[in-house]
1. Once amide H atoms are placed 1.01 Å from N in the peptide plane, what residues at a sequence separation of 5 or more from residue 163, or on another chain, have their amide H within under 5 Å of its amide H?
2. Please report, in Å, the Rg and the Dmax of the stretch 121-281, where both are computed over Cα atoms only.
3. Separation of the stretch 86-144 and the stretch 4-29 by C-alpha centroid, Å?
4. Counting only residues 5 or more places away or on other chains, whose amide H sits under 5 Å from the amide H of residue 37 once H atoms are built in the peptide plane?
5. Which of the peptides 251-258, 275-282 is most tightly packed, and how do the rest follow, judged by the mean count of other Cβ atoms within 10 Å per residue?
6. I'd like the Karplus ³J(HN,Hα) series for the stretch 67-81: coefficients 6.51, -1.76, 1.60, θ = phi - 60°, whole numbers in Hz, and an x wherever there's a Gly or Pro.
7. Can you compute the FRET efficiency between residue 122 and residue 33 using 1/(1 + (r/R0)^6), with r the Cβ-Cβ distance and R0 = 35 Å? Round to the nearest 0.05.
8. Label the stretch 1-121 by shape, choosing from rounded, prolate and oblate, from the square roots a ≥ b ≥ c of the eigenvalues of the Cα gyration tensor; if a/c is under 1.5 it is rounded, and otherwise prolate applies when a/b is larger than b/c, oblate when it is not.
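No value in this document is a laboratory result; all are computed from the given coordinates. This is a predicted model, so every value here is computed, not measured. Don't worry about glycine lacking a Cβ; one is built from the backbone with ideal geometry, like all the others, and counts go over all protein chains shown.
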Amino acid sequence: MIIKPKTKRIIEQALKEDIGAGDITTRSVIPKTQQGKFIVLPNEHCIVCGIALTEACFTIIDKDVHFRPMVSDGAYVSKGKIVAHIEGRCYGVLIAERAALNFLGWLSGISTLTNKFVNAVKNYKAQIMDTRKTIPTLRYLQKYAVKIGGGKNHRMGLYDQILIKDNHLSVVSKYKKKISVTVAIEKARKYGPKDKKIEIEVKNLGEFKEVLSLNPDIIMLDNMKINDVKEAVQLRDAYRIKKGDIGFKTLLEVSGNVNLDNVTEIAQTGVDRISIGALTHSAPAIDFSLKAE
């Protein structure tokens, strides 16, 4: 991962947050000129993500620190495997330690959890996708980690795809006696950017049947029961055959209450996409350690 200017600013803010007026412990007990060697290793199996950010934490504090990665982002490593060697002034290494391991553990946690979902559906066509349920200002880092884990990115923001959800319908209905999902799609096609995909959220088979013939790019099956998901897939596939698969490319996406216990069953239905907010909002961080050699 190339460290972009905005990523560097995030790293600098993290370091400033931790260091404050200065690392009084290191300043008190470690001579500034003392040299040392260190290793970075995980305390559990994981998919590594964030090597470049980890290195940047150390080199921003001390440009003469030599960081030698032993793996690349996306590598599966077992507990205790060395992922990096570090040489240089101990003073700088110890100051940067916590921020560096925080980034590494946080991003590796996302990539590791994502990979578990990806492996759970590997025998099916469904793609594992993230959502916009991310930490403010850190979305692109989290979505990068999802990709490293083998997942796909959904919308990066409100600007790159139309997604009509229940609140859009609810708000508009305050000013009109009735608005259906059909009307919403028609409005999106008329007033929205022509080069953007249109996705609409449905909560039941009644709504699904209403929009299916309108051929949106994606229909999101939100919190629907597994049997209803199966029926939706069957209806979509039958409609596709009826139309001769010409100009009918509607994808089906499942969202809501997806976990590792049910994701395989969901994928077995034949849906194309499964979006999971937990990839970014609930992934447990991986515990990494820095050890002096």
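1. Here 199 satisfy the definition.
2. In order Rg, Dmax, the Cα atoms of the stretch 121-281 give 15.9, 47 Å.
3. 20 Å
4. For residue 37, the qualifying residues are 293.
5. Details: 251-258: 19.0, 275-282: 20.6.
By packing density, highest mean first, the sequence is 275-282, 251-258.
6. Going residue by residue, I get 10, 10, x, 9, 9, 10, 4, x, 6, 8, 10, 8, 3, x, 6 Hz, with x marking Gly and Pro.
7. Working: r = 52 Å, r/R0 = 1.49.
According to the calculation, E is roughly 0.10.
8. Details: a/c = 2.21, a/b = 1.70, b/c = 1.30.
Prolate is the answer for the stretch 1-121, as a/c is 1.5 or above and a/b outweighs b/c.
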